[in-house]
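For reference, the structure discussed in these notes is given below.
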Amino acid sequence: MLGLRTKRKAMSCLLSRIFVSSSYTSHHQISTPVFPSKSLSSIRNPISFTAVALSSYSKARGICSRVGNSMGDKDNVISTIETLQNPEPVTYLSQRDAAEIDEILMGPLGFSVDQLMELAGLSVATSIAEVYKPSEYKRVLAICGPGNNGGDGLVAARHLHHFGYAPVVCYPKRTPKTLYSGLVTQLESLAIPFLSVEDLPVDLSNDFDIIIDAMFGFSFHGAPRPPFDDLIHKLVCLHSHDQTRQRLPVIVSVDIPSGWHVEEGDTGGEGIKPDMLVSLTAPKLCAKKFSGPHHFLGGRFVPPTIAEKYQLQLPPYPGTSMCVRIGKPPKVDISALRENYVSPAFLEDQLEADPIDQFRKWFDDALVAGLYEPNAMALSTSNKNGKPSSRMVLLKGVDKEGFVWYTNYESQKGHDLSDNPRASLLFYWDGLNRQVRVEGHVQKVPEEESENYFHSRPRGSQIGAIVSKQSSIVPGREVLYQEYEDLKNRFSDGTIIPKPKHWGGYRLKPELVEFWQGQPSRLHDRLQYSLREIDGRWAWKVDRLAP
């Protein structure tokens with residue numbers, strides 16, 4: 001994850017720096033669906049609304065902020081928000097400090113070259129996968145230099161192959177050491193092509209979607225020599241092409257754009273202008289001159305001793321990610337944001353006869369895939385004047401009678417449902433390209449049912465339900481916290497906390513349920529159950545809807 005291109009006095013060979021920048025990929029794949037022993041009522045998160053909204057923001061921005069398996073990890077989500085809001089306080093390393101940190105990692109901390117190189121290549125590959133999906137950016141050229149920087153590129157190419165890309169490697173100055181020979185053998189065993197400099201096309205823009213610049217790292221000195229001078233020139237020339245072309249290949253530089261000065265950057269103003277820069281451990285001083293849209297930091301293994309010694313200010317890594325976006329979020333053309341969904345066909349003969357059974361089947365898939373808060377749903381209501389409103393709530397039960405959630409009866413949604421007891425629910429499972437829409441009639445659950453669920457909640461949540469007069473205006477945050485602390489002290493002896501009369505559950509009995517599966521070219525699968533009277537009996541009828 002960090003540059004290793006430093007001269008080790010205790011070693012007989014020259015080590016070139018390693019860098020790691022990784023991101024948690026959102027490609028969830030389901031194998032054998034084993035239903036986890038987890039009830040809907042046990043799936044809870046104190047910051048569910050924030051996390052769901054952040055997940056959507058992350059996908060639009062290409063941010064490494066997947067919460068992944070950190071369900072309920074409040075600190076991870078809050079720290080990610082802080083990173084987005086305050087992107088500037090990050091330490092930039094000088095060449096000397098970067099080299100010293102390498103020395104410590106390779107010495108007292110016991111990291112090996114091959115270990116860090118593997119982490120580096122994996123993180124570079126996953127960073128690429130976070131922003132550039134293989135459905136649109138499949139053809140990859142990894143240009144690898146003679147040192148560990150090039151080794152990172154070789155490892156990245158291997159992982160990209162397994163991620164569904166089609167990598168090609170240009171490795172003109174091969175290092176004869178066992179480590180590098182082994183990496184070449186691994187790539188050859190996967191039938192990944194190697195191209196000589198002479199075999200590369202004159203115009204790289206016609207044959208590749210992504211070009212990985214893994215030629216030189218932060219310890220490189222002097223002017224690049226053949227054939228790397230010509231290769232760097234090819235990358236520079238990509239930006240001088242006719243801009244009427246629909247799309248040019250994106251350039252991903254690892255830690256340092258090749259040819260840049262490690263501290264001063266592209267001093268001549270005519271160097272590589274990468275679209276993505278993957279900094280390692282901490283960005284180097286030259287990264288301040290980077291103006292591309294995607295700057296990631298990798299190197300989550302940095303121990304506190306190094307951070308304290310070098311006074312490193314590093315952003316927190318969200319969830320289980322090995323990388324985090326740094327710098328200002330990229331400017332995005334909202335009209336250009338689109339996803340070409342790739343999913344298995346969803347056909348009528350795969351459907352269960354009852355929509356509740358089909359919902360449970362899909363819900364199980366979402367659990368197995370490890371999706372964040374699969375029970376989060378958008379609840380839409382309208383008042384007696386037809387004015388609609390929506391919010392995120394959590395599903396807490398589903399059976400043949402319908403879908404259950406709990407709330408304050410005196411909230412806006414409570415007043416809406418009192419005026420107009422009809423509503424709709426929407427589940428969106430991003431990692432599976434799936435949505436479920438439900439429409440129907442709503443009624444309160446029996447008081448005993450609400451009572452039982454209320455006392456199954458954590459005591460803090462019970463107290464919060466009493467304190468919060470949901471949707472009413474409060475003079476300030478401190479008022480809520482003071483009331484909470486007062487009640488917490490009042491019930492500190494463990495006595496039963498009474499359920500408020502204004503708090504309980506609703507059940508939506510479905511009359512229409514639609515299952516949506518995203519497909520390429522917007523030809524999505526939409527299968528809709530509707531409750532109809534057939535031969536004097538109410539039954540579910542299934543129709544396929546146009547996308």
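Numerical summary
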quantity: Signed unit charges on C-beta, dipole axis of segment 418-511, positive-most listed residue 454, 435, 508; calculated: 435
quantity: Residue-by-residue Karplus 3J(HN,Hα) for segment 108-115, coefficients 6.51, -1.76, 1.60, Hz, glycine and proline x; calculated: x, 7, x, 6, 9, 4, 5, 5
quantity: FRET efficiency, 1/(1 + (r/R0)^6) with R0 22 Å, evaluated for residue 267 and residue 199 via beta carbons; calculated: 0.10
quantity: Distance in nm between pseudo-label sites at residue 474 and residue 546 (7 Å out along the Cβ direction from Cα); calculated: 4.9
quantity: Per DSSP, loop GluC sites (Glu not before Pro) in segment 366-474 with at most 15 further Cβ within 10 Å; calculated: 401
quantity: Of the GluC sites (Glu not before Pro) in segment 82-170, those whose Cβ has at most 11 other Cβ within 10 Å and which sit in DSSP loop; calculated: 136
quantity: Residue 449-residue 532 FRET efficiency (beta carbon distance; Förster radius 25 Å; 0.05 resolution); calculated: 0.25
quantity: Fraction of accessible area attributable to carbon and sulfur, segment 176-263 (%, probe 1.4 Å); calculated: 53
quantity: Length gained when the stretch residue 311-residue 342 is fully extended (0.36 nm per residue, less Cα-Cα span); calculated: 6.7 nm
quantity: In Hz, Karplus ³J(HN,Hα) per residue of segment 456-463 (6.51, -1.76, 1.60; θ = phi - 60°; x = Gly, Pro); calculated: 8, 7, x, 4, x, 5, 4, 5
quantity: Rounded percent of accessible protein surface that carbon and sulfur make up, segment 388-507, 1.4 Å probe; calculated: 52
quantity: FRET efficiency for residue 493 and residue 42, using Cβ-Cβ distance with R0 set to 22 Å, rounded to 0.05; calculated: 0.25
quantity: Length gained when the stretch residue 392-residue 482 is fully extended (0.36 nm per residue, less Cα-Cα span); calculated: 29.8 nm
quantity: Summed side-chain charge close to residue 436 - residues other than residue 436 whose Cβ falls under 12 Å, Lys, Arg +1, Asp, Glu -1; calculated: +2
quantity: Probe 1.4 Å, all protein chains present, accessible-area order of 477, 457, 422, largest first; calculated: 477, 422, 457
quantity: For segment 89-96, 3J(HN,Hα) per residue [Karplus equation, 6.51 cos²θ - 1.76 cosθ + 1.60, θ = phi - 60°, Hz, x = Gly/Pro]; calculated: x, 10, 6, 10, 8, 6, 4, 5
quantity: Contact order normalised by residue count of segment 293-394, Cα under 8 Å, 6+ apart, percent; calculated: 18
quantity: Per residue accessible area of segment 339-430, 1.4 Å probe, in Å²; calculated: 43
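The values are calculated or read from the model by the stated rules, or taken from the named source; none is laboratory data. Remember, it's a predicted structure, so these values are computed and weren't measured experimentally. Glycine gets a Cβ as well: all are built from the backbone with ideal geometry, and neighbour counts include every protein chain shown. Quick note on the areas: whole protein, heavy atoms, side chains included, nothing else; ligands and nucleic acids left out. Shrake-Rupley method; radii C 1.70, N 1.55, O 1.52, S 1.80 Å.
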